[in-house]
1. Quickly run through region 137-166 and pick out the residues that are within 19 Å of the chain's Cα centre (by Cα) and of a type in the set (Asp, Glu).
2. Restricting to region 156-169, give me the number of residues that are buried (at least 16 other Cβ atoms within 10 Å of the Cβ) and not in a helix (DSSP H, G or I).
3. Of all residues in region 170-202, count the ones that are outside any helix (DSSP H, G or I) and over 16 Å from the mean Cα position of the chain (by Cα).
4. Return the only residue of Leu150, Leu163 being in contact with a Cys (Cβ under 6 Å, 6 or more places away or on another chain) and within 22 Å of Arg91 (Cα to Cα).
5. Consider Ser70 against the criteria (1) near the ligand (Cβ under 9 Å from one of its atoms); (2) surrounded by fewer than 18 Cβ atoms within 10 Å (Cβ to Cβ); (3) not aliphatic (A, V, I, L, M): it satisfies all of them except one. Which criterion is unmet?
6. Name the residues in region 119-145 that are over 21 Å from Asp184 (Cβ atoms) and surrounded by 14 or more Cβ atoms within 10 Å (Cβ to Cβ), would you?
7. Out of Ala53, Ala86, Ala92, I need the residue that is of a type outside the set (Val, Ile, Thr), over 26 Å from Gly139 (Cα atoms), over 13 Å from the mean Cα position of the chain (by Cα) and more than 14 Å from the ligand (Cβ to nearest atom). Which one?
8. Scan region 36-55 and tell me whether some residue there is in contact with a helix residue (DSSP H, G or I) (Cβ under 9 Å, 6 or more places away or on another chain), at pLDDT 95 or above, among the small types (Gly, Ala, Ser) and surrounded by 19 or more Cβ atoms within 10 Å (Cβ to Cβ).
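The values are calculated or read from the model by the stated rules, or taken from the named source; none is laboratory data. Note that the coordinates shown come from a computational prediction; the quantities given were computed from them, not determined experimentally. Cβ: placed from backbone, ideal geometry, glycine included. Neighbour counts: every protein chain shown.
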Amino acid sequence: MADGLILHEYSASGNCYKVRLTAALLGLALERREYDIMKGETRTPEFLANVNANGRIPVLQAGDRFIPESNAACFYLADGTALVPADRFERADMLRWMFWEQYNHEPNVATLRFWNGWVGLDNLTDGQRAQLPAKRSAGEAALALMDEHLAGRGWFVGSAPTLADIALYAYTHVAGDGGFRLEDYPGVSAWLAPIEALPGYLPMDA
Ligand SMILES: N[C@@H](CCC(=O)N[C@@H](CS)C(=O)NCC(=O)O)C(=O)O
């Protein structure tokens with residue numbers, strides 16, 4: 001890839017980890033720039049003007065162009081590789097799971113991890129506290145749907161790992177941090193190890 005690649009990130013974020021994991025599996029080097037989201041470092045006028053007007057990480061920088069949104073950044077890295085199926089239906093099916101991840105999985109599984117491990121359950125606003133039961137049951141429903149889909153298959157789409165697996169792995173493998181019990185989802189639990197055995201696999205805390 002000709003462009004120098006820079007990942008603007010907060011390392012502990014699963015959304016950022018997805019991009020690092022995709023790059024690692026593809027053998028691509030990334031320069032990493034860390035922003036402390038707990039200190040509002042992605043909300044400064046400089047960040048909003050120069051990196052992402054949406055005030056969030058990850059943002060992948062390719063040369064002088066910027067790609068916010070984790071799954072778009074993963075796609076940029078993996079387009080044309082085996083992590084994106086050549087078959088048209090399977091490619092759309094991969095995108096289906098990546099959109100689903102952002103709408104049904106991440107807002108529940110990742111948010112409870114963040115509230116539990118970063119904000120602290122005692123520090124939630126009344127509005128956040130009121131959302132806890134709904135987020136818990138929506139997160140459990142997401143894990144149950146993954147479990148059902150994985151019954152009898154090794155990967156989310158087709159017969160090989162794709163970006164759908166990477167996008168879903170990022171927050172699923174640390175779902176316990178948000179109080180979810182992965183042992184209740186045997187299909188999901190069994191799917192983690194083959195991802196971790198892929199050549200180039202990078203752990204979240206590396
Ligand atoms: N849909 C976005 C979500 C990005 C997002 O929510 N990033 C969080 C960290 S995981 C963030 O930057 N939070 C800091 C803030 O909102 O100020 C993606 O997939 O990249």
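1. Glu140, Asp147, Asp165
2. Adding up the residues that qualify gives 5.
3. Step one: filter region 170-202 for residues outside any helix (DSSP H, G or I), giving 173-174, 179-181, 185, 197-202.
From what is left, the residues that are over 16 Å from the mean Cα position of the chain (by Cα) are 179-181, 185, 197-200.
Count: 8.
4. Only one candidate qualifies: Leu163.
5. Just one mismatch for Ser70, condition (2).
6. Correct list: Val119, Leu124, Gln128, Gln131.
7. Ala86
8. So far as region 36-55 goes, no, none of its residues is in contact with a helix residue (DSSP H, G or I) (Cβ under 9 Å, 6 or more places away or on another chain), at pLDDT 95 or above, among the small types (Gly, Ala, Ser) and surrounded by 19 or more Cβ atoms within 10 Å (Cβ to Cβ).
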